[in-house]
Each structure stands twice: as structure tokens, then as C-alpha cells.
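Structure record follows, encoded as C-alpha cells.
The values are calculated or read from the model by the stated rules, or taken from the named source; none is laboratory data. Everything numeric in this text was worked out from a predicted model, so none of it was measured. In this analysis, Cβ positions are derived from the backbone assuming ideal geometry, glycine residues included, and neighbour counts consider all displayed protein chains. To get the accessible areas, we keep the full protein, side chains included, count just its heavy atoms, and leave off ligands, DNA and RNA. Shrake-Rupley method; radii C 1.70, N 1.55, O 1.52, S 1.80 Å.
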Amino acid sequence: MPDMARKDALRAATRAARARLSPDEWARQDAERTRCALAAVGELPVGTAAVYVSLPGEPDTHALIDGLVARGWTVLIPRLRRQPDWGRFTRWADLTPGWREILQPPDPRLGAEALAEAELILLPCLAVGRDGSRLGTGGGWYDRALLHRRPDALMVALARADEVEDTVPTLAHDIPVHGYVTEHGWVLC
């Protein structure tokens, strides 16, 4: 099966598995994943983190963002457009719905190059490989955004433990991650 078809099949299987999770199981996994992520981040020097704002049915980032801010981190949030853009997280009340109702920060727009400020980038995924391969949602936004990262930025995908494979199908433009965090812990590849 060609890589694109394998990616599409894995995306469909992951979305179906996520849809079967109960709200209680999502909440349990999200709390554990957040605890693991914040424990690992606590070992890093405080700086700037780029973090997506999650939707229902994705690993939750709300408590993670709150935890980063409480620890003194500056948080960049995507402003979803065709071309990558970022804004600073100040507080939840300042965010407004953007594309697909995903919350985004108000102006000023910081542009794609703002990602170079981030020492830590926490990325969404539908599956992640122990080898650093990452399966996104299929739009390529993060692959375009990551072109603007600083060379030493630590890139970590947020996933469920059931979404970790030895490897996931990739295409030439897919950028690998350095690790992932699940409800079982923080792992560097």
C-alpha cells in the first residue's frame, strides 16, 4: 500500500479509536499526560513553548498551557491560516474562535518566524513512532510551521499510549519529532 493510503488508513483507525473513548477515560488520560509533560518540562530551563489549543477528541492542552504559564513559560499559540502564524497566550478569555472554531490569540500576529523563539514545541498527532515519525491530521500546517523553528528546539508530540507505533508512514515533507508524551510518560526517541 502506498504511504499516502497507509497514512489515511491509520488516521481513520485512530479517529475511530478516539471516538470510542468515554469522557471519563479521556479525562483520566489527559490528566496523566499533562502530569507527565509538566514533570518533564520542570527539568528544562524556563523559556518559550509553542503549544496547540486542543479540540475535543484530541489530547487536551488546556491544563498543560495553564501549567506552563504557572511555571513562568511564555506560550505561543497557532493562528491557523494557510501560512503558519503565531500569537502569544495571555489568558483563555482573550482567545477567540478561528478556523474550525479552534481558539486563537488576538492580534498582534507574530508571523511564522515567531516559532524561532520556542525552545519547546508540543505538537498534535494522530500517531507517533518510537523512531520520531509523526502522523499529523493531514493538512501539513505543522510541517510548514516547523520550517521556521530554531535548530535546537525540542519537538514533542502529544499522543495516547495506544497511538505509539514502532514507526508511522511518512512522506518526504514530514518532519520527525524528538519524542512524545503519553499518559504513561515522556519519551525521547
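Trp141 meets all of the listed conditions (1) modelled with pLDDT under 95; (2) in contact with a helix residue (DSSP H, G or I) (Cβ under 7 Å, 6 or more places away or on another chain); (3) under 20 Å from Asp60 (Cα atoms); (4) not basic (Lys, Arg) but one, namely (2).
Results for (1) of a type in the set (Ser, Thr, Tyr); (2) under 23 Å from Arg149 (Cβ atoms); (3) modelled with pLDDT of 95 or more, shown as yes or no for each residue.
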position	(1), (2), (3)
Glu25	no, no, yes
Arg35	no, no, yes
Val46	no, yes, yes
Thr61	yes, yes, yes
Asp66	no, no, yes
Ala70	no, no, yes
Gln83	no, yes, no
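Look at Asp107 and say whether it is farther than 21 Å from Gly129 by Cα, without any contact (Cβ under 8 Å) to a residue 24 or more places away in the chain, out of contact with any Gly (no Cβ under 8 Å at 6 or more places or on another chain) and open to solvent by 20 Å² or more (accessible area, probe 1.4 Å). Here the answer is no, as Asp107 does not meet what is asked.
Checking each residue in the stretch 103-123 for being at pLDDT below 95 and touching a Ser or Thr at 6+ places or on another chain (Cβ under 9 Å) picks out Leu103, Gln104, Pro105, Pro106. Residue count for the stretch 155-189 satisfying the condition of being in contact with a Leu (Cβ under 6 Å, 6 or more places away or on another chain), under 19 Å from Thr48 (Cα atoms) and surrounded by fewer than 19 Cβ atoms within 10 Å (Cβ to Cβ): 2. Criterion applied to Arg100, Arg144, Arg109 was being basic (Lys, Arg) and in a loop (DSSP other than H, G, I, E, B), and the one residue passing it is Arg109. Residues that are touching a strand residue (DSSP E or B) at 6+ places or on another chain (Cβ under 7 Å) and surrounded by fewer than 21 Cβ atoms within 10 Å (Cβ to Cβ) number at least 2 in the following helices (runs of 4 or more DSSP H) confined to the stretch 1-79: 3-20, 23-41. Do we find a residue being touching a residue at least 12 places away in the same chain (Cβ under 8 Å) and within 18 Å of Val41 (Cα to Cα) anywhere in the stretch 123-142? Yes, because at least one residue in the stretch 123-142 is touching a residue at least 12 places away in the same chain (Cβ under 8 Å) and within 18 Å of Val41 (Cα to Cα). Answer yes or no as to whether Arg130 is open to solvent by 50 Å² or more (accessible area, probe 1.4 Å) and modelled with pLDDT of 95 or more. When the stated conditions are applied, Arg130 passes them.
Residues in the stretch 35-50: is at least one of a type in the set (D, E, K, R) and under 17 Å from the mean Cα position of the chain (by Cα)? Checked against the condition, which is being of a type in the set (D, E, K, R) and under 17 Å from the mean Cα position of the chain (by Cα), the stretch 35-50 yields at least one hit. When Ala112 is tested against (1) open to solvent by less than 10 Å² (accessible area, probe 1.4 Å); (2) over 22 Å from Leu188 (Cβ atoms), only condition (1) is not met.
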